[in-house]
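What follows is one structure encoded as structure tokens, with my remarks underneath.
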Amino acid sequence: MQVVELMTRNPVTVLADTTLVAVAGLLAQHHINGLPVVDAAGRLIGIVTQGDLLRRAELGTDRKSTFWLTDFLMPSRVQNDYVHTHGRHVREVMTPNPDFVSPDSGLAEVAALMTQKRFRCLPVLEDGVLVGVISRSDLVRALAGELLGAAAASKAGAFSDAAIGQDILRRIAAEKWLPQSGIRVAVAAGTVSLEGIIFSDSERRAVRVLAENTPGVKAVNDHLVFVDAATGMPLMTPM
């Protein structure tokens with residue numbers, strides 16, 4: 001899936017001299033996380049987000065200087081912070097030259113940027129022109145659609161117990177970080193029973209999730225035995 005399939009086209013934009021009163025109103029009205037900032041020619045020059053409005057003097061959330069030496073030795077830092085927390089226009093709080101993606105970018109790239117840099121939305125540029133915005137909400141909606149589709153397909157399909165069991169074992173074998181022996185799978189009327197030995201709770205959870213994601217599975221019963229790798233002693237089953 002690519003950005004072009006999920007992005008919001010013709011997004012609401014603001015200019016650098018737009019007031020923050022107007023920005024706050026637009027963010028609330030459209031239920032969005034951020035607004036691209038463009039120049040008079042429509043070229044992207046920045047982005048202003050909800051996060052840019054969190055530290056404000058009006059809310060009492062601005063950073064108060066408590067160390068006089070910082071004010072003395074790094075006045076530009078204090079001055080810039082004052083502009084950000086007291087400014088009245090977009091140009092004073094926006095992030096200039098923001099990161100962006102293209103319409104043919106994959107969702108893996110978008111998710112990586114959003115995770116690594118804590119972005120909630122990203123402008124979408126095509127040949128240097130702003131053509132859309134993609135947000136975390138867009139990815140969540142896409143995920144919801146995929147999950148619903150997979151659930152419907154699994155429910156509608158005809159899967160024999162034997163085929164389900166073979167599919168689970170095949171999936172376990174494909175994941176080299178899972179235990180490749182010692183796990184037994186039994187299936188009856190779509191209900192999977194897992195038996196065998198695992199050596200960590202993360203192994204248990206991974207095997208269970210793998211089974212739950214196999215088409216045709218209705219329920220999973222976990223009978224795996226948790227063994228301490230250091231002592232070889234079975235431990236109480238973590239649930």
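Candidates in the range 151-196 are the residues that are of a type in the set (Lys, Arg) and part of a helix (DSSP H, G or I); of these, the one that is modelled with the lowest pLDDT is LYS155.
Among the residues of the range 44-64, those identified as within 18 Å of ALA16 (Cα to Cα) and of a type in the set (A, V, I, L, M) are LEU44, ILE45, ILE47, VAL48, LEU53.
In the range 180-203, is there at least one residue being more than 16 Å from ALA163 (Cβ to Cβ) and in contact with a Ser or Thr (Cβ under 7 Å, 6 or more places away or on another chain)? No. Across the range 183-196, a minimum of one residue is classified as of a type in the set (Ser, Thr, Tyr) and either surrounded by fewer than 14 Cβ atoms within 10 Å (Cβ to Cβ) or not assigned by TED's automatic domain parsing to the domain that holds MET94 (or both).
Filter the range 22-57 down to the residues that are more than 16 Å from THR95 (Cα to Cα), surrounded by fewer than 18 Cβ atoms within 10 Å (Cβ to Cβ) and either in contact (Cβ under 8 Å) with a residue 60 or more places away in the chain or not assigned by TED's automatic domain parsing to the domain that holds HIS84 (or both) and list them by number. Once the filter is applied, which keeps residues that are more than 16 Å from THR95 (Cα to Cα), surrounded by fewer than 18 Cβ atoms within 10 Å (Cβ to Cβ) and either in contact (Cβ under 8 Å) with a residue 60 or more places away in the chain or not assigned by TED's automatic domain parsing to the domain that holds HIS84 (or both), the range 22-57 yields only GLY42. Scanning the range 21-68 for residues that are modelled with pLDDT of 90 or more, assigned to a loop (DSSP other than H, G, I, E, B) and within 18 Å of MET7 (Cβ to Cβ) turns up HIS31, ILE32, ASN33. The conditions of being without any contact (Cβ under 8 Å) to a residue 60 or more places away in the chain and assigned to a helix (DSSP H, G or I) are not met by VAL110. Close contacts from the range 164-179, counting a first residue that is within 17 Å of PRO215 (Cα to Cα) and a second that is polar (S, T, N, Q), with Cβ to Cβ under 6 Å and a gap of 6+ residues or different chains, come to ASP167/THR214; ILE168/THR214. Among the residues here, ASP81 does not qualify as assigned to a helix (DSSP H, G or I), touching a Ser or Thr at 6+ places or on another chain (Cβ under 8 Å) and either at pLDDT 95 or above or surrounded by 14 or more Cβ atoms within 10 Å (Cβ to Cβ) (or both).
Condition check ((1) among the small types (Gly, Ala, Ser); (2) farther than 25 Å from ASN10 by Cα; (3) buried (at least 17 other Cβ atoms within 10 Å of the Cβ)) across all residues:
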{"residue": "PRO98", "(1), (2), (3)": "no, no, yes"}
{"residue": "GLU109", "(1), (2), (3)": "no, no, no"}
{"residue": "ALA112", "(1), (2), (3)": "yes, no, no"}
{"residue": "GLY132", "(1), (2), (3)": "yes, no, yes"}
{"residue": "ASP138", "(1), (2), (3)": "no, no, yes"}
{"residue": "ARG141", "(1), (2), (3)": "no, no, no"}
{"residue": "ALA150", "(1), (2), (3)": "yes, yes, no"}
{"residue": "LYS155", "(1), (2), (3)": "no, yes, no"}
{"residue": "ALA158", "(1), (2), (3)": "yes, yes, no"}
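Entry remark, the range 218-239: residues being among the polar types (S, T, N, Q) and either at pLDDT below 70 or surrounded by 11 or more Cβ atoms within 10 Å (Cβ to Cβ) (or both) number 2 in total.
The values are calculated or read from the model by the stated rules, or taken from the named source; none is laboratory data. Keep in mind it's a predicted model, so treat the numbers as computed, not measured. Cβ sites come from the backbone with ideal geometry, for glycine too, and all protein chains shown count toward neighbours.
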